[in-house]
Protein chains: 2
Amino acid sequence: MTETVDLLVCVTCRYMDRRDADPDAPRPGRLLADALAGALPEGITLRETECLSNCSRGCTVALRGPGKWTYVYGNLAADQADTVAEGATKYRAHPAGLVPWRERPEHFRKNCIARIPPLE
Amino acid sequence: MTETVDLLVCVTCRYMDRRDADPDAPRPGRLLADALAGALPEGITLRETECLSNCSRGCTVALRGPGKWTYVYGNLAADQADTVAEGATKYRAHPAGLVPWRERPEHFRKNCIARIPPLE
């Protein structure tokens, strides 16, 4: 059985340009997390987090799971929930989380912030 | 007892400027790892890794440990082993790995690439 993976979404992320210049508007990271809630297939657990420390390249998500590489992706927009869900689904399906580059959603190919190997 | 932490060092990191233009020279990530070998206090395990996927901001290291936040730091030079060792020592000493910003080595303050919360 494929194990459950975590999809961490930074709910404090802002954009670094003028798209969210209104300080009272909901943060785009918050909007992205809200869009993902209830929109993920079984086996992917949404975990809202505060600051994944990728503030200059938000919005930010991370994927992790038992025995898998952990991946951080950035430069996401609030309306990219479908992209994140697709990437998370493919990540879960690969035993080590190593989705071949060409099979990743296009945004994930170009916006990988970092990855960390699984515990030995 | 404070538990052992992992210091992951990317040995495939290059600089993104002209400092290592010679393709036959040892990579700076390799040199950084070599400088750290034997130079770390007890309780910090050096783990050489190939590509932490922070290629545009290398050299790159990551710190992780049981119950701690995982941190990725970048833009390091091959001669910054002392900085990395200091940062790793402080990281190990904090139960959650959350070293207050002002207490981190100066390079770490400005070059945190990402962080990931501990498993619940």
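Miscellaneous remarks
- Pseudo-label separations to other copies for B:Thr45 - Cα-to-Cβ vector, 7 Å, nm: 2.4
- Sum of side-chain charges, A:Asn111 neighbourhood, beta-carbon under 12 Å (Lys, Arg +1; Asp, Glu -1): +3
- Other protein chain C-beta atoms within 10 Å of residue C-beta, averaged over A:106-115: 4.
- Contact surface B-A: accessible area buried, both sides summed, square angstrom, 1.4 angstrom probe: 1800 Å²
- Taking the inverse of the mean 1/r over every pair of distinct Cα atoms in the range B:5-116 gives a Kirkwood hydrodynamic radius of 13.8 Å.
- Looking at the range A:5-116, the DSSP beta bridges with both ends there are about 65 percent antiparallel.
- Rounded percent of accessible protein surface that carbon and sulfur make up, the protein assembly as shown, 1.4 Å probe: 50 percent
- With a cut-off of 12 Å between beta carbons, the residues surrounding B:Arg19 carry a summed charge of -1, where Lys and Arg count +1 and Asp and Glu -1.
- Cα extents of the protein assembly as shown along the three principal axes, largest first (Å): 49, 40, 37
- Cβ-defined net charge surrounding B:Ala77, 14 Å radius [Lys, Arg +1; Asp, Glu -1]: +1
- Distant-in-sequence amide H partners of A:Glu48 (H built 1.01 Å from N, under 5 Å): A:Val9
- Placing a label point 7 Å from Cα along the Cα-to-Cβ axis, B:His94 is separated from the same position in the other copies by 3.1 nm, shortest listed first.
- The mean accessible area for residues of chain B, using a 1.4 Å probe and ignoring ligands and nucleic acids, is 50 Å² per residue.
- Long pairs among A:Lys90/A:Lys110; A:Lys90/B:Lys90; A:Lys90/B:Lys110; A:Lys68/B:Lys110; A:Lys110/B:Lys90, criterion Cα-Cα beyond 27 Å: A:Lys90/B:Lys90; A:Lys90/B:Lys110; A:Lys68/B:Lys110; A:Lys110/B:Lys90
- Across the range B:59-71, computed HN-Hα scalar couplings (Karplus, 6.51 cos²θ - 1.76 cosθ + 1.60, θ = phi - 60°) run 5, 10, 9, 9, 10, 8, x, x, x, 10, 5, 8, 10 Hz from first to last residue, x flagging Gly and Pro.
- Inter-copy spacing of A:Lys110 label points, which lie 7 Å from Cα along Cα→Cβ, given in nm from shortest upward: 2.9
- Of all chain A C-beta atoms, the nearest to the rotation axis linking A with B is recorded, alongside its rounded Å distance, as A:Ala114, 2.
The values are calculated or read from the model by the stated rules, or taken from the named source; none is laboratory data. Quick caveat, the model's predicted, so the values are computed rather than measured. Counting neighbours? That spans all protein chains shown, and the Cβs are built from the backbone with ideal geometry, glycine included. Heavy atoms of the whole protein, side chains included, go into the accessibility calculation; ligands, DNA and RNA do not. Shrake-Rupley method; radii C 1.70, N 1.55, O 1.52, S 1.80 Å.
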